[in-house]
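> Quick one: the structure is below, questions incoming.
The values are calculated or read from the model by the stated rules, or taken from the named source; none is laboratory data. Here the structure is a predicted model, which is why all the values come from computation and not from measurement. Glycine also receives a Cβ, built like all others from the backbone with ideal geometry; neighbour counts cover every protein chain displayed.
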Amino acid sequence: MPESLSATAVVRGGHARTLIGGLAYSLRLAIAGNPNCGKTTVFNALTGAHQHVGNYSGVTVEKKEGFIRHEGQEIILVDLPGAYSLSAYSQEEVVARNVLLGGSVQAVINVVDAGILERGLLLTAQLREMGLPVVIACNMMDEAHAAGISIDFLRLSECMGANAVPTVGTAGNGLREALSAARQAALDTPGYGGSPSQGEQPADQAHALRISYGPLLDPILETMERRIAASPGIAASPYGHCAPRWLALNLLQDDAEAIAALQKADADLAADMAQVCGFVQEELHSIGRDAEGIIADGHSAFVRQVAAACIVKTGDRHRLSLSDKLDRVLAHALWGAAIMLGVLYAMFQITIVLGSYPQGWLESAFGALAGFVRGSLPDGLFASLLVDGVIAGVGGVLSFVPLVLIMFALIAIVEDSGYMARMAYIADRVFQFFGLHGASVMPYIISGGIAGGCAIPGVMATRTMRSPKEKLATMLTLPYMACGAKLPVYLLLVGTFFPHNAANMMFAIIMLSWVLAFCVALLLRKTVLRGEATPLVMEMPPYRMPTLRGICIHCWERTWMYLKKAGTVLVPLAMLIWAAMTFPALDPQVALPFENEIARLSARLERDDLSEQVRSTNEQALAKSQEELDAERLRHTLAGSLGTWLEGATSYAGFSWRTDVALIGGIAAKEAIISTLGTAYALGAQDPEDPASLAELLRADPSWNQGTALALLVFVMLYAPCFVTLVVIRQESGSWKWVAFSIAFNTLLAFGMAVGVYQTYRFLWMGL
């Protein structure tokens, strides 16, 4: 949460209260659960649009907080990253655990899939061993009932020492009850919602879940537990918020995070515990066992017993579910692939056809705004900055918001329905051939594999991959996907130069991005990243009906990120580019011949005795002279000089100096390509009183044709990723070497492909 919006105040009773916008949020609850359990659906249903999205400090894991008023109290809900356990096997698990250890969360709503209760309860057991107040939200009860599964909630509550509540996140059923139970659990727990007496252990720590791990570990755990509980250093550390037995379990599993925390809190105790753990591991190794395996077996056995006791009725296990029946077709090797391509094609058709109407309205609105501002302000630098810089640059980007919004809505439907996982499964069948891991599927899709994603979370998603070489091959090629920033560029070029085949062209672009990514990945895996491929293991969620609320929230989150970038990145960038295209001014001596010719032709056109033919000839000559003067002015600016210098090489790809400057701006953010082109052509517009759209200006420019558009499409697809993506690549790869490789290799590849496309077009269609 931004520091400007939040602060902490100590109030009567010893609680910390967070102040947001002047309101006191005295309770902070966390929502935890496995991936695909409906956790985020529950979070969205409770908080709606009252959310704050960012990243956890120091890591690239998404942080979501929501604000809600319930039973007269302002509550902060924290949507923890999806995790199967509280072990430190992934960054998401580390983040989730650290949030819980921080002491700011007073209770946890643990969302579990009621249809696969046993798997979800593994995390529940760890939360209760930790000593946190927990409410179990048995989600998707409608699907569980449809599968013939009933749960004894009273028995489940008794076994886990936590209140269990049936919920249906998509319909909102039971969510308020779960929230009320969590609030009450927090308020009833000294040290969390209340204030414990001096020396009193928080209640849920005293009554934390205790699982037996057999005679080999139980006596050791009891000894370690007593030593940890007696340590003043531990009491003052983040682990002071959890049960001592839970910390002992993590030490026995050689948990690096726990060991480091203990060393910092009590070095002497850490040394003693290291000796104890070392002795235990030696003894267990002598009989072919290890502590981590015994603890995992203990968890599994306990959860199986609980599930057996609480699931009181099960339908015909041999009956195929609706998801299974659908997967026989949708996940089929042949029909599934054909259907997937059909779905992608339909998405582009819907986006192009429906989005063209509001896009045209927005273009007209920005054109009218530009005309109004120019007419209201005196000619000068300020008017040019507003009209040619901000309105032309940013307006060109914002005009694509309707298309982006529609695409995001369709993506949300694909995700929420469960079909996204099937697309990943189908795509995985070709991944192995190109030396990629099946886990690469989701990073590619997240990055824009079905258009509209973002390479930044896509690169982050590669951290789940175990093979460093497969991770790098994925990381270096996923920027080829059609991210939300590239999408407006594609839509502009396709709509301008291929208006009658726009949907077909968009579909072809997406397919080409996949093909090129696969081919480059294969090249990398055969050369600099040689190694064996590993198989895919993934979870297939059941099919679900997307909710209108969920779709709207997903659309708003992604569209708002797009709009925020336009406001925070593109406005300053548009102003900077305008300045680079305005200064330094053209030498008056160089401009004088053009101005004299313009004055001569203008004076002649004022005569009344000119024939229509002569008048037309002079008007054309005047327009040409004005165009030459504007072009000369732009070329002598800082941006024009740089673009002209590059044009000697980029002309082989059909690019003018204006395009070169736009592509340089695109390294900061790909949306800047449109804003830069808008500024460049606005500054050179012939009739400032009647501003034309960027598409019209491109069509009117004789240096542009379909070959130029195709070459630029390929170049934008392949060249260096945006700046933020490069930073994330550095974080995930751990080396600037791969950042430099991504910039150099991808840009050279992009240029070579663009030259090939443009020259082929000239040879085949222009006869040159």
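> How many of the residues in segment 139-160 are assigned to a strand (DSSP E or B) and either aliphatic (A, V, I, L, M) or in contact with an Asp or Glu (Cβ under 8 Å, 6 or more places away or on another chain) (or both)?
2
> Taking the condition assigned to a helix (DSSP H, G or I), charged (D, E, K, R), outside the structural domain of Pro35 (by TED's automatic domain parsing) and closer than 20 Å to Ile553 by Cβ, does Asp388 pass?
Answer is no for this residue.
> Within segment 285-300, count every residue that is buried (at least 16 other Cβ atoms within 10 Å of the Cβ) and more than 44 Å from the chain's Cα centre (by Cα).
The total comes to 0.
> For segment 679-768, which fully contained helices (runs of 4 or more DSSP H) count at least 2 residues that are crowded, with 18+ Cβ neighbours inside 10 Å and at pLDDT 95 or above?
706-718, 736-761
> Would a scan of segment 260-274 turn up a residue that is under 30 Å from Leu117 (Cβ atoms) and either in a loop (DSSP other than H, G, I, E, B) or out of contact with any Phe, Trp or Tyr (no Cβ under 6 Å at 6 or more places or on another chain) (or both)?
There is no residue in segment 260-274 that is under 30 Å from Leu117 (Cβ atoms) and either in a loop (DSSP other than H, G, I, E, B) or out of contact with any Phe, Trp or Tyr (no Cβ under 6 Å at 6 or more places or on another chain) (or both).
> Now, a different point. Can you name the residue in segment 405-450 that is outside any helix (DSSP H, G or I) and of a type outside the set (Val, Ile, Thr) and, of all such residues, is surrounded by the most Cβ atoms within 10 Å (Cβ to Cβ)?
Leu436
> If I ask for residues that are within 16 Å of Gln263 (Cβ to Cβ) and at pLDDT 85 or above, which ones from segment 218-248 would you list?
The answer is Met224, Arg227, Ile228, Ser231, Pro232, Gly233, Ile234, Leu247, Ala248.
Let's see how each residue does on (1) at pLDDT 80 or above; (2) surrounded by fewer than 15 Cβ atoms within 10 Å (Cβ to Cβ); (3) within 30 Å of Ser417 (Cα to Cα); (4) outside the structural domain of Ile445 (by TED's automatic domain parsing):
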site: Asn501; (1), (2), (3), (4): yes, yes, yes, no
site: Cys519; (1), (2), (3), (4): yes, yes, no, no
site: Glu539; (1), (2), (3), (4): no, yes, yes, yes
site: Pro542; (1), (2), (3), (4): no, no, yes, yes
site: Met545; (1), (2), (3), (4): yes, yes, yes, yes
site: Ile553; (1), (2), (3), (4): no, no, yes, yes
site: Glu557; (1), (2), (3), (4): no, no, yes, yes
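> Which residues, counting only those in segment 483-499, are buried (at least 19 other Cβ atoms within 10 Å of the Cβ) and not in a helix (DSSP H, G or I)?
Scanning segment 483-499 gives Cys483, Gly484, Ala485, Lys486.
> Within segment 161-177, how many residues turn out to be closer than 18 Å to Ala307 by Cα, out of contact with any His (no Cβ under 8 Å at 6 or more places or on another chain), of a type in the set (Gly, Ala, Ser) and outside any strand (DSSP E or B)?
Qualifying residue count, segment 161-177: 1.
> Another question, if that's okay. Can you name the residue in segment 587-627 that is of a type in the set (Asp, Glu) and under 30 Å from Leu638 (Cα atoms) and, of all such residues, is surrounded by the most Cβ atoms within 10 Å (Cβ to Cβ)?
Out of the qualifying residues, it is Glu597.
> Suppose we filter Ala291, Ala307, Ala256, Ala271 for residues that are at negative phi, among the small types (Gly, Ala, Ser) and either in contact with a Gly (Cβ under 9 Å, 6 or more places away or on another chain) or free of Cβ contacts under 8 Å to residues at least 40 places away in the same chain (or both); which single one remains?
Within the list Ala291, Ala307, Ala256, Ala271, the selection yields Ala271.
> Taking the residues in segment 328-360 that are closer than 19 Å to Leu487 by Cα and among the aromatic types (Phe, Trp, Tyr) as candidates, determine which candidate is modelled with the highest pLDDT.
Checked segment 328-360; the qualifying residue modelled with the highest pLDDT is Tyr357.
> Before we move on, is Glu92 more than 21 Å from Cys242 (Cβ to Cβ) and either within 27 Å of the chain's Cα centre (by Cα) or at pLDDT 80 or above (or both)?
Judged against the criteria, Glu92 is not a match.
> When only residues in segment 282-327 that are polar (S, T, N, Q) and over 30 Å from Met423 (Cα atoms) count, which is modelled with the lowest pLDDT?
Among residues in segment 282-327 that are polar (S, T, N, Q) and over 30 Å from Met423 (Cα atoms), the one modelled with the lowest pLDDT is Thr314.
> Under 6 Å by Cβ, and 6 or more places apart or on different chains, what pairs join a residue from segment 739-761 that is farther than 16 Å from Leu524 by Cα and not assigned by TED's automatic domain parsing to the domain that holds Thr477 with one that is assigned to a helix (DSSP H, G or I) and hydroxyl-bearing (Ser, Thr, Tyr)?
Once the first residue is farther than 16 Å from Leu524 by Cα and not assigned by TED's automatic domain parsing to the domain that holds Thr477 and sits in segment 739-761, its partners that are assigned to a helix (DSSP H, G or I) and hydroxyl-bearing (Ser, Thr, Tyr) give Val755/Tyr652.
> Restricting to segment 128-143, name every residue that is buried (at least 21 other Cβ atoms within 10 Å of the Cβ) and in contact with a strand residue (DSSP E or B) (Cβ under 7 Å, 6 or more places away or on another chain).
Arg128, Leu132, Pro133, Val134, Val135, Ile136, Ala137, Cys138, Asn139, Met140, Met141
Yes or no, residue by residue, for (1) closer than 18 Å to Thr189 by Cα; (2) part of a helix (DSSP H, G or I); (3) out of contact with any Gly (no Cβ under 6 Å at 6 or more places or on another chain):
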{"site": "Gly115", "(1), (2), (3)": "no, yes, yes"}
{"site": "Gly120", "(1), (2), (3)": "no, yes, yes"}
{"site": "Leu132", "(1), (2), (3)": "yes, no, yes"}
{"site": "Ala137", "(1), (2), (3)": "no, no, yes"}
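> Then there's this: Please verify whether segment 114-127 includes one or more residues that are hydroxyl-bearing (Ser, Thr, Tyr), in the same structural domain as Ser180 (by TED's automatic domain parsing) and crowded, with 24+ Cβ neighbours inside 10 Å.
Checked segment 114-127: at least one residue is hydroxyl-bearing (Ser, Thr, Tyr), in the same structural domain as Ser180 (by TED's automatic domain parsing) and crowded, with 24+ Cβ neighbours inside 10 Å.
> Just name the residue that is nearest to Thr659 (Cα to Cα) out of those in segment 599-640 that are assigned to a helix (DSSP H, G or I) and β-branched (Val, Ile, Thr).
So, considering only residues that are assigned to a helix (DSSP H, G or I) and β-branched (Val, Ile, Thr), the one nearest to Thr659 (Cα to Cα) is Thr617.
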